[in-house]
Amino acid sequence: RIARLELERADCLEQIASLRQAQGHAEGLAVERDRLAAEAASLRQGHDQQGAELAAERARRRAEVEQMQEEAEGHRRAAAEALRQLEDAQGLLAARQQVDEEVQQELEHLRAAVGQNGDLASLRALAEAAE
């Protein structure tokens, strides 16, 4: 009976050693699990920070694009106004040239009349008629 108890005791000691080894292995796995969880949390935090930085960069670029579009629209309006003013000036210039041509023709007509008549009274009469 003592020999059997000794065998059971030896078996129990073996099981205790095996359980201690398994407990050490489990503790090692728990440490590794905690390390991996901390690393994952760090990666998530880094990912979240990068996401926030990217969102901020996108917002900054969007604001820049909107500002450039507003500036371009301002330039377009200024160019349209300048073109309108140029067209007005061209119209005035054309009208002025036409008036100058008419005046020039009238002057040539008057010179021709003065050359034919030669006297001042005739010139005055022609001038009054031209007015």
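The values are calculated or read from the model by the stated rules, or taken from the named source; none is laboratory data. Given the structure is predicted, the values throughout are model-derived calculations rather than measurements. Here the Cβ is made from the backbone with ideal geometry for all residues, glycine too, and neighbour counts use every protein chain on show. Please note that ligands, DNA and RNA were not included when accessible areas were found on the heavy atoms of the full protein model with its side chains. Shrake-Rupley method; radii C 1.70, N 1.55, O 1.52, S 1.80 Å.
Pop out the carbon and sulfur fraction of the accessible area of the chain as a percent, whole number, probe 1.4 Å.
Carbon and sulfur: 55 percent of the exposed surface of the chain.
If you wrap a convex hull around the Cα atoms of region 43-109, how much volume per residue is inside, in Å³?
Expressed per residue, the convex hull around the Cα atoms of region 43-109 is 42 Å³.
Which Cα, out of 22, 89, 65, lies furthest along the positive dipole direction of the chain (beta carbon charges, K/R +1, D/E -1)?
Among 22, 89, 65, the one farthest towards the positive end of the dipole of the chain is 22.
Label point 7 Å out from residue 52 along Cα-to-Cβ: which residues of region 1-44 have amide N under 17 Å?
Once the point is set 7 Å along Cα→Cβ of residue 52, 41-44 turn out to lie under 17 Å by backbone N, inside region 1-44.
How much accessible area per residue does the chain have, counting only protein heavy atoms and a probe of 1.4 Å, in square angstrom?
That works out to 88 Å² for each residue.
Set the Förster distance to 30 Å, then compute FRET efficiency between residue 21 and residue 42 from the Cβ-Cβ distance, nearest 0.05.
For R0 = 30 Å, the calculated efficiency reads 0.40.
Considering the options 3, 107, 75, tell which one lies farthest towards the positive end of the dipole of the chain, charges being +1 on Lys and Arg and -1 on Asp and Glu at the Cβ, about the Cα centre.
3
Please state, rounded to one decimal and in Å, the Kirkwood hydrodynamic radius that the chain gives when every pair of distinct Cα atoms enters the mean of 1/r.
About 26.3 Å, per the Kirkwood formula over Cα pairs.
How far, in degrees from 0 to 90, does helix 120-130 lean away from the longest principal axis of the Cα atoms of the chain, to the nearest 10?
The angle comes out at about 40 degrees.
So what's the projected area for region 1-58, the Cα convex hull averaged over all directions, in nm²?
3.9 nm²
Any idea what the dipole of the chain comes to, in debye rounded to 20, about its Cα centre with Lys/Arg Cβ at +1 and Asp/Glu Cβ at -1?
Dipole magnitude for the chain comes out near 1320 debye.
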